[in-house]
Structures are given as C-alpha cells and as structure tokens.
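The values are calculated or read from the model by the stated rules, or taken from the named source; none is laboratory data. If you're wondering where the values come from, they're calculated on a predicted model, not measured in any experiment. All Cβ positions, even for glycine, are placed from backbone atoms using ideal geometry, and neighbour counts span all protein chains on display. Remember, those area values only see protein heavy atoms, side chains included, never the ligands or the DNA or RNA. Shrake-Rupley method; radii C 1.70, N 1.55, O 1.52, S 1.80 Å.
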Amino acid sequence: MTTTPAAGPSAPADNKATLRLSRLLKRQVTDRGGESLGRLADVIVRLRGSDYPLVTALVAAVGGRQIFVPIDQVSSFDGDPVRLSSARLSLRHFERREGEVLLRADVLGHRLIDVENARLVRAADLELVKDGEEWVVAGVDTRRRPRRLFGLLGPEHADEGGVFRDWHDFESLIGHEGSALLRGPFARIRRLKPAQIADLLENASKEEETEILGRVHADPELEADVFEELDEDLATRLLGARTDEEIAGVLARMRADDAADAIAELPQRRRQPVLDLLPPGQRTKVLTLMGFNSTSAGGLMGMDFIALPSMASVGDALARVRESALLQPEALTSVHAVDDDGGLRGVARLVTLVQSDPDARVIDVSDTDPVRVGADADITDVAVLMTDYNLITIPVVDDERRLLGVITVDDVLEVTLPDDWRRREAAEPPDIRHGDAR
C-alpha cells in the first residue's frame, strides 16, 4: 500500500514510482559500465519545512569508506543495482554537512512523534516517492514486521503488508541543530496540547527531551503551559538544568500557583535569585502563595480572577471577561463582586451575566452568600464542598471575608486524583477514526 499524501502544492501525485528504504539499502552501487563499486549505505535528504524532504545524495560504502554521491550522478535510483552516470567517483570520506539528514542513521529505527495520536513511535520503514524528476520522503511505516515472517515469505514479498502514513503526520527527532532549524518556526509538535507534550516528555529519553523542549522553546507561552502540566519531579529536573534567568523566564509566564510550586522544589540556594528575577507582579503573587501550606486551600488557590465593584454593571463585567484573554478559562466562569476593601460581597456565574440585562448591577444578579473557604481549609474539604454544590470555582477568603484567591475544579482534580491515574492513557472518543480511509 502506498502513501496518499494530503492534497497540497507539495504533495506527490498518486501512482508515482515508490521505494521502501529498507529494500533500497545495501543494494549494489555500480558505475555506468555496470562494474560494482560498493553498497548503498544511506540516503541523504534535505528538510524543507512544510514540503516533503528532498533526496539530495547517497552514501556508498566503498572499500570500507563512506563516500558521498550527489543525486545528479545517479542515473538509476530505483533499479537494482543503483547505477551511477559518472565514470569517476570522489573517494573523499563522507562528512555530514549542516542541515543534512541521513535516513538510515537519523530516522530509520529511531523514534518520531506521531502528532496525530500524540505519542512516540519508531520508524520501521520509510517510503520514497518520485515526484517529477525528484525523489522525496513521503511516508512512514511504524509497524515493524517480525523477521521470521520475512524469512517465510521470501524477499519477493518483502514489500507486502506495509502501511505508510503521510510524513507530515510525524515530527522526527533527529538530534542535530542544523536540521532542526530547517523545520521552520511552526514545527508540527506545536499542534499538540500542552498536556500531550508533557506526556511525550515523560516518556522521552534525555536526548529526545532536549529536542522536544527545543521545539517548544520557540513559543514561550506554550513552554510555560507545558511546564505546568509536567510531573513535578521531571519539571524540577528540567528547570534545574537551566540558568536562573532561564528559569525566571518560564515561571514569569506560568500561573502564579504553579510557579510557586516550582520555586519551592528548587534547591534552597537558587530560590531567592530566581524570585528576584521575576516581574514584580508575579513575584508578589508567588511570595504570597508560598506563605501558605501547600496542602491547604491557600496553597492551592490561584490569584488570577475577575473582581469588580459590587455596583458595577453586568455590561462592565462581561467586558472584563472579554478582555481577560490571559486568564485560565475556568477562572472566567465566575465574576466576584467586592466592596472598597476587597471584601467578597457576591459571586455571579458567567451564564447568569450573559442572560441578564446589561444595565443591571452585578450585585443584583449575584449569590450574596456564596460558598467560600478559608486559606487554611483542607483540600479534601474543598473537594467535598465543590462536589456538594456543583461548583466550578470556589473563592478563598480571610477572616474578614476579603477575597484572597480562587480555586478551580481542575486544581482540585489535579491534587485529589491518585498519582498513577494522572498519566493513564485516556479512552479514545468514538468518532476519532471517522472518515479515516487508512
């Protein structure tokens, strides 16, 4: 079965000549007279961002040496043997140039990111397709067939059974910077959700971690979101390998409660230098949160929420919601009416605000005796209250009912679910394969 790439200007047309890399490797390489020179050891491609990787050269094993063979010196690439058009071949030892990717050494048998399914898989084979006069890498087969099966079927059946998916469904982890730069600023990994990227990092090797983080680092907001989702021990290790300035750059974009947890896990000697590098507003929030027990409502709450004077209009409240694009979505489900001293006077659900007269006062559509907890409340008690009253958020107040912060339902789930459930594989939705012809 051959690849049917997604439609687009760079997609190879159907019914083109195709080759499996596994069958191409180790073929004899001959000169134009048919005399054997050696064996094909590898295929070199150049990454082209959103286009398919272009075959630019071969690596031939000649007399124990690795020799570079430009593709324009190859007269027959899909034949057996691979025939060169030149009578002369430079015997200079092959050295990788910046941006060159070797399909056998860098991709075949190595792990890639299956972006569609958000998991790490291994490339069992690659499909090369002739597009006009050029050869490109168009497909990836991740389903390895047992060696015993090949022996039973014989080499004439070696191409059967492969299921190739489009190259663009994957992000390769090649490991050298020159090639990474050629993928462009919008690598496919950035289509994933932060929690999915965190899952990848938790299953990656040290080298794979470095490359995945390199992709994510190009988008500082995404990087901060990923660190919020990481297992605490892994996040501490990855942050600990960075400079104080780099750590502060990540924490400055994280939610204050997650940033406070991250700083608390740093070695004592590094905490104050990192705190000093945070923007003043974030530093104040983090210091406040670090003053509470991590197992209490105060340690769990977030400090980003919407609070308005109780006499503000519903229209003003909805305008604040529209303007608060950087707030956690769960924290936007309620608006808090406060007095001049910051005392909580009521909580209005967003749905109530949307259904109310824009000229009405916020206090008039609010619950003026909302369920609330003190900063020292136990997390289990918070979870019980939110369950009993079907709350998405619950405000945290001091002894004088001044609003300190807000706990969201996802905060509670994160700390109450058993650790071994947090990264279990989620059930696929029933329509995930709807319309998939593969």
Residue that is most open to solvent (accessible area, probe 1.4 Å), among those in the range 44-79 that are of a type in the set (Phe, Trp, Tyr) and in a strand (DSSP E or B) = 68
Search the range 372-423 for residues being among the basic types (Lys, Arg) and not in a loop (DSSP other than H, G, I, E, B), and hand back the single one that is least open to solvent (accessible area, probe 1.4 Å).
-> 422
Any pair with Cβ under 9 angstrom, 6 or more apart, that starts in the range 324-352 at a residue that is over 13 Å from residue 405 (Cα atoms) and in a loop (DSSP other than H, G, I, E, B) and ends at one that is basic (Lys, Arg) and at pLDDT 95 or above = 339/345; 341/402
Of all residues making up the range 284-322, the number that are open to solvent by 20 Å² or more (accessible area, probe 1.4 Å), out of contact with any helix residue (DSSP H, G or I) (no Cβ under 6 Å at 6 or more places or on another chain), more than 25 Å from residue 351 (Cβ to Cβ) and in a helix (DSSP H, G or I) = 3
Looking only at the range 32-59, which residues are more than 11 Å from residue 102 (Cα to Cα) and among the hydrophobic types (A, V, I, L, M, F, W, C)?
-> 37, 40, 54
Looking only at the range 334-366, count how many residues are open to solvent by less than 80 Å² (accessible area, probe 1.4 Å) and either over 15 Å from residue 307 (Cβ atoms) or not hydrophobic (A, V, I, L, M, F, W, C) (or both).
-> 12
Cβ-Cβ under 7 Å pairs, at least 6 apart or on other chains, the range 399-419 side in contact (Cβ under 8 Å) with a residue 24 or more places away in the chain and under 11 Å from residue 382 (Cα atoms), far side among the β-branched types (Val, Ile, Thr) and open to solvent by 50 Å² or more (accessible area, probe 1.4 Å) = 408/392; 409/392
Look at the range 216-268 and say how many of its residues are among the hydroxyl-bearing types (Ser, Thr, Tyr) and in contact with a helix residue (DSSP H, G or I) (Cβ under 6 Å, 6 or more places away or on another chain).
-> 1
